[in-house]
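Q: Before I ask anything, let me first share the structure, which is written out below as structure tokens.
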Amino acid sequence: MKIPVSTLKRICISQSFRPATLALLLAGFAAVSGCSSNSSVSNIKVGSIAFTDTNGTPLKTPPASLTTGQGTYVDVTLTNDPQLLGADWSVYCGSALPPGSPLPPGQTQDESCGTFTPAHTMSGPIPSYVTSGAGYVASYTAPLATPKLGTVTLYAVATSDHSKFSSVTLTIGGLPISVGFAPTPLATLHTADTTQLRVVLNNDVTDAGVNWTVICGSSDCGSFDPVKTTSAVDTIYTAPATVPTGGTVKVTATSIADPTKAVSATISIN
């Protein structure tokens with residue numbers, strides 16, 4: 001049935017003044033005719049992200065930073081959320097946020113930024129008659145390795161309207177990586193000799209290991225097999241076939257996860 005435009009306009013203008021039953025019918029005409037309604041505008045507001053204990057009790061001192069692998073509990077309160085759909089949780093890190101900040105909302109970029117369990121919660125505050133924070137509180141676990149910029153941004157996004165969200169940024173730090181020989185390399189080798197070299201890494205949570213390099217005053221300084229090892233795993237170093245200029249080589253093991261951390265030893269070649 002085609003309704004004249006003038007009739008549709010009268011419907012749009014007058015529908016809010018009709019009895020409830022008639023208003024429902026007119027609302028159907030309005031939906032197909034393009035009439036606007038204030039109820040279509042989302043008034044959801046997402047409150048600030050709160051740090052809590054497992055039962056949802058706010059912490060007296062919210063954290064500004066976490067160490068790698070550390071966990072914390074969070075919740076959020078939404079107002080004007082008529083369907084009580086709650087919030088979706090996501091986390092971002094790296095050199096820049098995805099376009100749209102975030103894009104897409106409510107989805108986790110990757111686990112290198114940390115994880116949420118669960119990734120969806122009901123809106124707080126937690127009712128007084130509830131004895132557990134389950135369903136209202138999410139557990140966030142920081143990544144096992146420090147992110148590129150050293151920070152992560154947590155997002156609580158309204159499930160019913162992804163344009164409405166709240167966020168908080170945390171610094172992620174970890175115990176510094178250390179690299180040490182175990183045992184100490186031999187002080188002297190004959191040309192073409194082989195020896196086992198091994199390092200132990202502390203706080204290398206990703207188990208990335210080290211790269212082995214060698215320098216000397218000549219073009220032939222020897223070689224490693226393999227050139228990459230993890231903590232407490234041997235590499236075989238083969239000395240150069242001839243004595244290098246200066247008579248020494250310098251072997252170095254450099255952390256892959258943190259290239260600023262390395263250990264070196266000087267070996268005389270006879």
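Q: Only one of (1) surrounded by fewer than 16 Cβ atoms within 10 Å (Cβ to Cβ); (2) under 30 Å from residue 81 (Cβ atoms) fails for residue 170. Which number is that?
A: The one condition residue 170 does not meet is (1).
Q: Out of 160, 139, 167, 219, which single residue is over 28 Å from residue 64 (Cα atoms), outside the structural domain of residue 264 (by TED's automatic domain parsing) and not acidic (Asp, Glu)?
A: 160
Q: Something else: I'd like to know if segment 73-93 contains one or more residues that are over 25 Å from residue 42 (Cβ atoms) and at pLDDT below 90.
A: Within segment 73-93, one or more residues are over 25 Å from residue 42 (Cβ atoms) and at pLDDT below 90.
Q: Could you tell me which numbered condition residue 175 fails, if it satisfies all but one of (1) exposed (fewer than 15 other Cβ atoms within 10 Å of the Cβ); (2) under 30 Å from residue 248 (Cα atoms)?
A: (2)
Q: Continuing with the same structure: So how many residues does segment 202-223 have that are in a strand (DSSP E or B), over 35 Å from the mean Cα position of the chain (by Cα) and in contact (Cβ under 8 Å) with a residue 24 or more places away in the chain? It would help to see each step written out before you state the result.
A: Let us first name the residues in segment 202-223 that are in a strand (DSSP E or B), namely 202, 210-216, 223.
Adding the requirement that they be over 35 Å from the mean Cα position of the chain (by Cα) leaves 214-216, 223.
Those still in the list that are in contact (Cβ under 8 Å) with a residue 24 or more places away in the chain too: 214-216.
Number satisfying all stated conditions: 3.
Q: What is the number of the single condition among (1) free of Cβ contacts under 8 Å to residues at least 60 places away in the same chain; (2) surrounded by fewer than 21 Cβ atoms within 10 Å (Cβ to Cβ); (3) over 13 Å from the mean Cα position of the chain (by Cα) that residue 151 does not meet?
A: So the condition that residue 151 fails would be (3).
Q: Pick from segment 115-136 the residues that are within 16 Å of residue 78 (Cα to Cα) and assigned to a strand (DSSP E or B): which of them is farthest from the chain's Cα centre (by Cα)?
A: The selected residue is 124.
Q: Quick check on this structure: which one of 245, 260 is free of Cβ contacts under 8 Å to residues at least 24 places away in the same chain and either in a loop (DSSP other than H, G, I, E, B) or over 28 Å from residue 176 (Cβ atoms) (or both)?
A: 260
Q: So which residues in segment 159-216 are among the aromatic types (Phe, Trp, Tyr) and closer than 30 Å to residue 77 by Cβ?
A: Scanning segment 159-216 gives a single hit, 165.
The values are calculated or read from the model by the stated rules, or taken from the named source; none is laboratory data. Source: prediction; values computed, not measured. Ideal geometry is used to build each Cβ from the backbone, glycine not excepted, and the neighbour counts take in all protein chains shown.
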